[in-house]
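The block underneath contains the structure these notes are about, expressed in structure tokens.
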Amino acid sequence: STGWSYGGIMSNRVGCQLGDQLRAIAPVMGFGPDLAWGDASGCTKYVEAGCTGSVAAWITHGRQDDVVRFCLGEFTRDHWQDANGCGQSSTGIGPGECVQYDGCDEGLPVVWCPTDLDHSPPDYGGAEIWKFFSRF
């Protein structure tokens, strides 16, 4: 499942709720699956998602995003990193600043691609998402 903005939020929820049936997600400028809020004063996570299983995740978010704040993208990354048993160290993969976290559970990689964009997907997004999904 992949999607941009609300589609990214949906992809996170689908990955969470159908983690025992779905293989991978790629949320673009979305957040979740935990419920959170971000505004000019900061970001707060206030409800854990209670997911079923885990999915591989390719995540991108823009530091200049003023629609879905960057910290919410970081919450997304942190959720899947924890859910998939990943460590804190990472290895560069793909274009830009993309990294894949080390030590993730077998078949459950987490790729994080922060950008300096606003609420816009990176030019390389489609090709990299397809490459990621093709691994499965």
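The values are calculated or read from the model by the stated rules, or taken from the named source; none is laboratory data. Just so it is clear, the model here is predicted, and its values are computed rather than measured. All Cβ positions, even for glycine, are placed from backbone atoms using ideal geometry, and neighbour counts span all protein chains on display. Side chains included, ligands, DNA and RNA excluded: accessible areas come from the protein's heavy atoms. Shrake-Rupley method; radii C 1.70, N 1.55, O 1.52, S 1.80 Å.
Using 0.36 nm per residue and subtracting the Cα-Cα separation, the extra length available between ARG135 and ASP105 on full extension is 9.3 nm. Expressed as a whole percentage, what fraction of the accessible surface of the chain belongs to carbon and sulfur atoms when a 1.4 Å probe is rolled over the protein heavy atoms? Heavy-atom surface of the chain belonging to carbon and sulfur, 1.4 Å probe: 53 percent. Across ASP66, ASP78, the residue with the most accessible area heads the list, and the full order at a 1.4 Å probe is ASP66, ASP78. Within the chain, no Cys is without another Cys Cβ under 4.7 Å of its Cβ, so every one has a disulfide-compatible partner by this rule. Amide hydrogen proximity for ILE93: with H placed 1.01 Å from N in the peptide plane, the residues at 5 or more positions away or on another chain lying under 5 Å are CYS98, VAL99, GLN100. In order along the range 43-56, the Karplus-derived 3J(HN,Hα) couplings, from 6.51 cos²θ - 1.76 cosθ + 1.60 at θ = phi - 60°, round to 10, 9, 9, 10, 9, 6, 6, x, 6, 10, x, 9, 9, 5 Hz, and Gly and Pro are given as x. In terms of its alpha-carbon gyration tensor, the range 4-112 comes out oblate; a/c meets the 1.5 threshold, while b/c is at least as large as a/b.
For the set THR76, THR44, solvent exposure ranked by accessible area (probe 1.4 Å, protein chains only) runs largest to smallest as THR44, THR76.
Oblate is the label for the range 45-97, because a/c, from the alpha-carbon gyration tensor with a ≥ b ≥ c as root eigenvalues, is 1.5 or above and a/b does not exceed b/c. Using the average count of surrounding beta-carbon atoms within 10 Å as a protection proxy, the listed peptides 32-41, 109-118, 55-64 rank, highest first, as 55-64, 109-118, 32-41. If you count the DSSP beta bridges with both ends in the chain, what percent of them are antiparallel, to the nearest 5? Given both bridge residues lie in the chain, the antiparallel proportion sits at roughly 45 percent. Reducing the range 1-62 and the range 65-136 to their Cα centroids gives an inter-centroid distance of 12 Å.
Taking amide H as placed 1.01 Å from N in the peptide plane, GLY85 has its amide H under 5 Å from the amide H of ASP105, each at least 5 places away in sequence or on another chain.
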